[in-house]
Amino acid sequence: MTVAPPALAAPVLEFENGALGFGGRSLWSGLDLAVRPGEFLAVLGPNGSGKTSLLKTILGQQRLDSGTVRLAGHEIRRGDRSVGYIPQQKLVPPGTPLRGRDLVTLGVNGHRFGPPIPRRSDRERVDELLDDVGATAYANQPVGTLSGGEQQRLRVGQALAGDPVLLLCDEPLLSLDLHHQRAVSELIDRRRRTHDTAVVFVTHDVNPVLDVVDRILYLAGGQFRQGTPSEVLRSDVLSDLYGTPVDVIRSHGRVIVVGVPDGHDHHDHHDEVAE
């Protein structure tokens, strides 16, 4: 059987003329977007630009104001197991009666009705996932005693439990040190390369994943731009998007965006996003 190249493969995720608003203002409109198998799409933009709302729409938790969104050619269904979700890194409090293994197990059988009944196949699947994300060594330790990076590895394992065709990542590197940012990024990239899983990766700093990003969707001020990193992360493109002069400065493999209007940037004076 001949496998279609990524550029020609049918989209895993597709928006057609999508529009969404919040509180009487438009977050984005006229969104036409097709994400194909194995593609890594980074979603950038200031707080309040609709990045998380985009993910909620894909998860079936929020409806578009107009337009359509489809997953693998079908209407979005809430709780679809073919979509994996990695949330922001939030530490589990010490003393929480939950082991690392238990967290991943929730991804394996947490969708079933009734009390969980231990199955050999479930245990084998959990062991496989723990091994895949490099968490076997601390699988039986209380989650609250683990570092943020270790906990996030477990959440990646949980998100992969349903063997998803689409992996949604909501700032999964937030608050992680550089070592764990790299480790978690590599896990996500390896998954999309080995299983052709499409990735939609929301982040305020694309530098940790820049070398694996295929395209960027940049949301700001009710508008958006999409394209490769070199096509979107440019002074003229972002100046047009924000409606004010914005400088994109490249230095040592990074890009610093300077001049983003007050209330739009993630940092005090600039937003480091990518090269």
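The values are calculated or read from the model by the stated rules, or taken from the named source; none is laboratory data. If you're wondering where the values come from, they're calculated on a predicted model, not measured in any experiment. Glycine gets a Cβ as well: all are built from the backbone with ideal geometry, and neighbour counts include every protein chain shown.
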Fill in: Index of the failed condition, V92 passing every other in (1) within 23 Å of A198 (Cα to Cα); (2) at pLDDT below 90
(1)
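Among the residues of the range 150-166, write down those that are small (G, A, S) and either crowded, with 19+ Cβ neighbours inside 10 Å or assigned to a helix (DSSP H, G or I) (or both). Spell out the reasoning first.
Step one: filter the range 150-166 for residues small (G, A, S), giving 157, 159, 161-162.
Within the range 150-166, G157, A159, A161 meet the criteria.
Just checking, does the range 57-66 include any residue being assigned to a helix (DSSP H, G or I) and modelled with pLDDT under 95?
Our first condition is that a residue be assigned to a helix (DSSP H, G or I); within the range 57-66, this holds for 57-58.
Now narrow it down to the ones that are modelled with pLDDT under 95: none.
Checked against the condition, which is being assigned to a helix (DSSP H, G or I) and modelled with pLDDT under 95, the range 57-66 yields no hits at all.
Only one residue in G23, G18, G73, G38 is in contact with a Leu (Cβ under 9 Å, 6 or more places away or on another chain) and not polar (S, T, N, Q), so which one is that?
Numbers: G23 fails: in contact with a Leu (Cβ under 9 Å, 6 or more places away or on another chain); G73 fails: in contact with a Leu (Cβ under 9 Å, 6 or more places away or on another chain); G38 fails: in contact with a Leu (Cβ under 9 Å, 6 or more places away or on another chain).
One residue alone meets the criteria, G18.
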Item to complete: Might you check whether a residue that is free of Cβ contacts under 8 Å to residues at least 12 places away in the same chain, under 27 Å from F40 (Cα atoms) and not in a loop (DSSP other than H, G, I, E, B) occurs anywhere in the range 104-118?
Response: no
Worksheet entry | Odd one out for I249, checked against (1) surrounded by 15 or more Cβ atoms within 10 Å (Cβ to Cβ); (2) farther than 23 Å from G148 by Cβ; (3) hydrophobic (A, V, I, L, M, F, W, C) | (1)
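So that you can scan it fast, the table gives a plain yes or no per residue for (1) among the hydrophobic types (A, V, I, L, M, F, W, C); (2) within 21 Å of V108 (Cα to Cα):
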position: S147; (1), (2): no, no
position: L167; (1), (2): yes, yes
position: R182; (1), (2): no, no
position: D211; (1), (2): no, no
position: F224; (1), (2): yes, no
position: L233; (1), (2): yes, no
position: D247; (1), (2): no, no
position: R250; (1), (2): no, no
Worksheet item: Mind checking whether some residue in the range 167-187 is touching a Ser or Thr at 6+ places or on another chain (Cβ under 7 Å), assigned to a strand (DSSP E or B), in contact (Cβ under 8 Å) with a residue 24 or more places away in the chain and under 17 Å from L41 (Cα atoms)?
Response: yes
Worksheet item: Out of all the residues in the range 91-105, is one or more more than 24 Å from D205 (Cβ to Cβ), more than 17 Å from the chain's Cα centre (by Cα) and hydroxyl-bearing (S, T, Y)?
Response: yes
Worksheet item: When you scan the range 190-206, how many residues do you find that are surrounded by fewer than 18 Cβ atoms within 10 Å (Cβ to Cβ) and touching a residue at least 24 places away in the same chain (Cβ under 8 Å)?
Response: 3
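Pull up the range 237-275, narrow it to residues that are in a strand (DSSP E or B) and acidic (D, E), then point me to the one that is modelled with the highest pLDDT.
Just the residues of the range 237-275 that are in a strand (DSSP E or B), to begin with: 247-251, 254-258, 270-272.
Adding the requirement that they be acidic (D, E) leaves 247, 271-272.
Working: D247: 91, D271: 41, E272: 40.
Among residues in the range 237-275 that are in a strand (DSSP E or B) and acidic (D, E), the one modelled with the highest pLDDT is D247.
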Practice prompt. Restricting attention to the range 1-50, report how many residues are modelled with pLDDT under 95, within 15 Å of the chain's Cα centre (by Cα) and within 16 Å of L166 (Cβ to Cβ).
Written response: 0
